[in-house]
Amino acid sequence: MKKVSEFKGLNGNINAFKEEVGDAEKITFVGAPGVCSPFAELFAYAVRDKESCFITLTDIDSALKLEMTPQGMQLAAPADPKADVVALLGGLTIPKVNVDVDELNAMINQILHKDGKIIGLSYMDMFKKAGWEKKIDFDCVINGTLLVDVLK
C-alpha cells in the first residue's frame, strides 16, 4: 500500500473515513470488545445517516446495531451484519485478543457485499506491525499516529 493523503487530528481521521465510505448504505465494524467498540461508536456517529453495526472479534452472531440515542451512538439490538463496507479496527491485532486472520477473512467473505470495501482503522501502524496488510485485502487503511503530551 502507498500513502495517498495525510491529515492531522481526529477530525481529519473521521473525514478520511467518511470519504472512503462514500455512498455505502451499511457499515459493519469489527473489533475487540471494550477497546474497539468506543471507536466504532465514534466512526458510526460520523456516518450516522448510514446503517451501522458492530461484531465482536469473528463472532457473526454477536452483531449489534449501532443506534443514535440521547446519550450518543450506542450498541443496541441484534443486527444483520451483511454490509457494503467492513471496517476492521486495529484492536483486532492485539496479541492477547488472539484473532485468527484466516477466520477473520472467512467472516469477511460471509458478510461483505460483492462489490464492498474493506477499510482498516488503526493507530500506530497496528495492521502493518501485525503483518495483516499482506493477509487481508484492504481497499484502504486509515492509520493515525498519536502524540501524547501530559501536562501538570
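State all residues of region 118-142 that are closer than 22 Å to K26 by Cβ and touching a helix residue (DSSP H, G or I) at 6+ places or on another chain (Cβ under 7 Å); if no residue qualifies, say none. If the condition is that a residue be closer than 22 Å to K26 by Cβ and touching a helix residue (DSSP H, G or I) at 6+ places or on another chain (Cβ under 7 Å), then I118, I119, G120, L121, S122, I136, C140, V141, I142 are the ones that fit.
Could you tell me which of the residues G31, G72 is at pLDDT below 95 and within 19 Å of L10 (Cβ to Cβ)? Before the answer, list the steps.
Working: G31 fails: at pLDDT below 95.
Sole residue among the options that is at pLDDT below 95 and within 19 Å of L10 (Cβ to Cβ): G72.
Would you be able to tell me the number of residues in region 57-89 that are touching a residue at least 60 places away in the same chain (Cβ under 8 Å) and over 20 Å from V35 (Cβ atoms)? If you could, list the steps in order and put the result at the bottom.
Keep residues of region 57-89 that are touching a residue at least 60 places away in the same chain (Cβ under 8 Å), which gives 84-85, 87, 89.
Then keep just the ones that are over 20 Å from V35 (Cβ atoms); that gives 84-85.
Of the residues in region 57-89, 2 are touching a residue at least 60 places away in the same chain (Cβ under 8 Å) and over 20 Å from V35 (Cβ atoms).
Considering only region 1-103, give the strands (runs of 3 or more DSSP E) lying wholly within it that have at least 1 residues that are surrounded by fewer than 16 Cβ atoms within 10 Å (Cβ to Cβ) and in contact with a helix residue (DSSP H, G or I) (Cβ under 7 Å, 6 or more places away or on another chain).
Passing ranges, in order: 72-78.
In this structure, does F43 turn out to be more than 22 Å from P95 (Cβ to Cβ) and aromatic (F, W, Y)? Yes: the conditions hold for F43.
For region 109-131, which positions are in a helix (DSSP H, G or I) and in contact (Cβ under 8 Å) with a residue 40 or more places away in the chain?
Pass one, region 109-131, residues in a helix (DSSP H, G or I): 109-111, 126-130.
The answer is Q110, I111.
Taking the criterion of being modelled with pLDDT under 95 and of a type in the set (A, V, I, L, M), the only residue of region 110-141 that qualifies is M124.
The values are calculated or read from the model by the stated rules, or taken from the named source; none is laboratory data. Values in this document were obtained by computation on a predicted structure and should not be read as measured data. Don't worry about glycine lacking a Cβ; one is built from the backbone with ideal geometry, like all the others, and counts go over all protein chains shown.
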